[in-house]
Amino acid sequence: MKLLQNKFAAVLVLVFIFFGQISSTATSLDKEAAKRIATLTKVWGLMKYYHSNVANGTINWDSVFVAYVPKVVAARGQKEYHSVVDDLYAQIPAPKLAISYNLPKADTIVEIFSEKEIAAYKISSKLKQQLIDLYERHLPLESKYITNKYKEYTLDHVRFLENPMAEVVYPSKETRLLALARYWNTINYFYPHKQTIGKDWSIVLEKYIPVFNEAQDEQAYHLAIQRLNRELKDSHSFASSPVLNAMWGPNPYFQVKHVQGKFVITKILVDSLARVQDIQVGDAIIAINGKPVQQRVKELKPLLRGSNEVATYRDIAAYLLNVDTSTAATIKIKRGKSHLTRSISRLPYQELMKRANKRDEKLWKELERNIVYVDYTKIQNPDTLPALFAAVKDAQTVILDLRGYPNFNVYRQTLPALYEKDFHSSYTSNALVHYPGFFSVSKSMYEHTDTSALIPYKGNMIVLVDESTQSLPESFALGLTQRSNTTIMGSQTAGTTGNITWLPLPGGANVAFTGVGEHGVNGSFEQRKGVKVDKVVKPTVASIASGKDAVLDTAVKEARKE
């Protein structure tokens, strides 16, 4: 056995040396070859997390996958193919297993992977039983690839300790397929919302095998990563790499929002440019560089898919004009009944921030007697809070604007002044790092403390939300639904909260996704649906063009009734 191990290790060393140099010729795969690679991906992933002599990192398991891809493709007939996959398991020293079934079972445990999936693998009956035993008789172990530790802290999500292989941005086809295998298995075992993606995750794997195999250049490969990550329909599913980051061009000097089916300019960031180039709030963009705006939507939608449609179109609006690397663009706009063509400047982000309008906007203000508006997401310093709560202490109604992303420390220090007692806000799902594919579900409780130096506010609240309310502000809003005299007003939120986690992929790419599941009590929040809105109010093109905030105006009218 020792001689066999040394021989196996020598082969892996050679594979590792040429990791980025194996032929990258993008030859197409037939359906049978793709199915074989899909099965290899599943077997390789199960062994990665459950085989003690793989999880410990003594074997370069990435190199094993790279070496076995051409083997399973070249195998002649089912018998030889089964022999190749059997060999993957047989070459590794036997794992340490429990005497009998050893997987967690409890009312608070949720499985997103089970032996039923192993039973469906297209492999020999012998290997199938070995893998079922490997899974069911699993002994908890420390893994080279996953942890829930960071320094002295225990996290509520899994960290992935993978080799980013950043040296080669366009790796070999075998390594591109490794990227797919790494990502697919990570989601298969650690994504809390896997069961509600809305599609069979195995079908997604088979769909992307030819995409990764045939990616013709570095851009095609990195775009394949971004498209794959968006299959989750998760607004936390970010993708980043030097290649992807270089694709997005300079920025317009105004903000765009998707309103009533149109892409409408909602805010001017650099007034001087808008005056010279005749761009106004309320202008609807109907073409970019001579192409209809819907063509740009078709290009962006596969890359910017959010948890729901409103989050998807929020992101499309944000990237609508990042079309190329030019500092100029030509847009056709609709203003009232007129169709106008305008040439606009586009600026690198740092320059845009330097030139952006500097306005001394108030963080809160009394709109009418006893009605105070708080632009909460603009408050960046917790030291501001004592003055805020002193200002609102006698208000009949506070309108709290969560249409944006608040400062975390401001949020944490705000809570004791808004809640009078402990309450149950949500259920959270946390991956069990020692049992991949299992999650522990627990109650998320707010525990009230009396240590706040803030004056408590017990009056009425109207909380404003929309598609820009994502993650932390959604958690804040779902908690506020448990507060008395509180109304959630606006439109559908982005539909994703819970801590995110990152996964490195070959070629220097990093992808993120929601690593902790959260479900609000009494339907106050659900992934993809968002926060439960009590009163739906949406802006219109007309309200934006007239400079009005339709949601805030409605909130004021509602506050007058209270």
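Observations on the structure shown:
- Qualifying residue in the range 233-242 (condition: closer than 17 Å to I316 by Cβ, hydrophobic (A, V, I, L, M, F, W, C) and under 15 Å from the mean Cα position of the chain (by Cα)): yes
- Residue match in the range 169-192 (condition: among the hydroxyl-bearing types (S, T, Y), assigned to a loop (DSSP other than H, G, I, E, B) and within 22 Å of T428 (Cβ to Cβ)): yes
- Matching residues in the range 333-382 - criterion: being within 15 Å of L400 (Cβ to Cβ) and basic (K, R): K362, K365, K378
- The sole residue among A287, A311 that is crowded, with 20+ Cβ neighbours inside 10 Å and touching a Lys or Arg at 6+ places or on another chain (Cβ under 9 Å) is A311.
- Tally, over the range 363-397, of residues that are touching a helix residue (DSSP H, G or I) at 6+ places or on another chain (Cβ under 9 Å), in a loop (DSSP other than H, G, I, E, B) and loosely packed, with under 14 Cβ neighbours inside 10 Å: 2
- Criterion: of a type outside the set (A, V, I, L, M), under 22 Å from V256 (Cβ atoms) and over 17 Å from the mean Cα position of the chain (by Cα) - qualifying residue of Q482, Q492: Q492
- Among the numbered conditions (1) surrounded by 19 or more Cβ atoms within 10 Å (Cβ to Cβ); (2) touching a Pro at 6+ places or on another chain (Cβ under 9 Å), the only one that Y349 does not meet is (1).
- Where a residue in the range 114-132 is touching a residue at least 40 places away in the same chain (Cβ under 8 Å) and its partner, wherever it lies, is of a type in the set (S, T, N, Q), with Cβ under 6 Å and at least six apart: Y121/T39; K122/T39
- Verdict on K7 being at pLDDT 95 or above, of a type in the set (K, R) and part of a helix (DSSP H, G or I): no
- If the condition is being under 14 Å from A284 (Cα atoms) and either surrounded by fewer than 17 Cβ atoms within 10 Å (Cβ to Cβ) or out of contact with any helix residue (DSSP H, G or I) (no Cβ under 9 Å at 6 or more places or on another chain) (or both), then the range 319-330 contributes only T330.
- Among the residues of the range 329-346, those that are touching a Pro at 6+ places or on another chain (Cβ under 9 Å) and among the aliphatic types (A, V, I, L, M) comprise A329, I331, I344.
- Some residue of the range 443-451 being under 30 Å from V281 (Cα atoms) and either of a type in the set (A, V, I, L, M, F, W, C) or not in a strand (DSSP E or B) (or both): no
- Total residues in the range 398-434 satisfying the condition of being outside any helix (DSSP H, G or I), of a type in the set (A, V, I, L, M, F, W, C) and open to solvent by less than 30 Å² (accessible area, probe 1.4 Å): the figure is 6.
- Odd one out for I112 among (1) touching a Gly at 6+ places or on another chain (Cβ under 7 Å); (2) farther than 25 Å from D200 by Cβ; (3) of a type in the set (A, V, I, L, M): (2)
- Scope the range 111-147; condition within 25 Å of E32 (Cα to Cα), surrounded by 14 or more Cβ atoms within 10 Å (Cβ to Cβ) and among the polar types (S, T, N, Q); matching residues: S124, Q130
- The set of residues from the range 39-71 being surrounded by fewer than 19 Cβ atoms within 10 Å (Cβ to Cβ) and in contact with a helix residue (DSSP H, G or I) (Cβ under 6 Å, 6 or more places away or on another chain) comprises N60, K71.
- When restricted to residues that are open to solvent by 60 Å² or more (accessible area, probe 1.4 Å), in contact (Cβ under 8 Å) with a residue 12 or more places away in the chain and not hydrophobic (A, V, I, L, M, F, W, C), the range 84-110 contains 4.
- Selection status of D401, at pLDDT below 95 and either charged (D, E, K, R) or more than 26 Å from the chain's Cα centre (by Cα) (or both): no
- All helices (runs of 4 or more DSSP H) inside the range 198-278 with 2 or more residues being of a type in the set (A, V, I, L, M, F, W, C) and open to solvent by less than 10 Å² (accessible area, probe 1.4 Å): 201-213, 218-229
- Of I209, I279, I268, I187, all but one fail to be touching a residue at least 24 places away in the same chain (Cβ under 8 Å) and within 20 Å of A311 (Cβ to Cβ); the exception is I187.
- The numbered conditions (1) open to solvent by 30 Å² or more (accessible area, probe 1.4 Å); (2) out of contact with any Pro (no Cβ under 8 Å at 6 or more places or on another chain) are all true for S471 except (1).
- Some residue of the range 425-432 being over 23 Å from N499 (Cα atoms) and not aromatic (F, W, Y): no
- Among the residues of the range 166-197, those identified as open to solvent by less than 20 Å² (accessible area, probe 1.4 Å) and either over 20 Å from the mean Cα position of the chain (by Cα) or of a type in the set (A, V, I, L, M) (or both) are P171, S172, E174, T175, R176, L177, L178, A179, L180, A181, I187, I197.
- Residue check, L347 under 30 Å from Q413 (Cα atoms), modelled with pLDDT of 95 or more and of a type in the set (A, V, I, L, M, F, W, C): no
- Within the range 109-156, tally of residues that are assigned to a loop (DSSP other than H, G, I, E, B), of a type in the set (S, T, N, Q) and over 25 Å from the mean Cα position of the chain (by Cα): 1
The values are calculated or read from the model by the stated rules, or taken from the named source; none is laboratory data. Being a predicted model, the structure only gives us computed values, none of them experimental. Every residue, glycine among them, receives a Cβ derived from its backbone with ideal geometry; neighbour counts consider all protein chains shown. Keep in mind that these areas ignore ligands, DNA and RNA; they rest on the heavy atoms of the full protein, side chains included. Shrake-Rupley method; radii C 1.70, N 1.55, O 1.52, S 1.80 Å.
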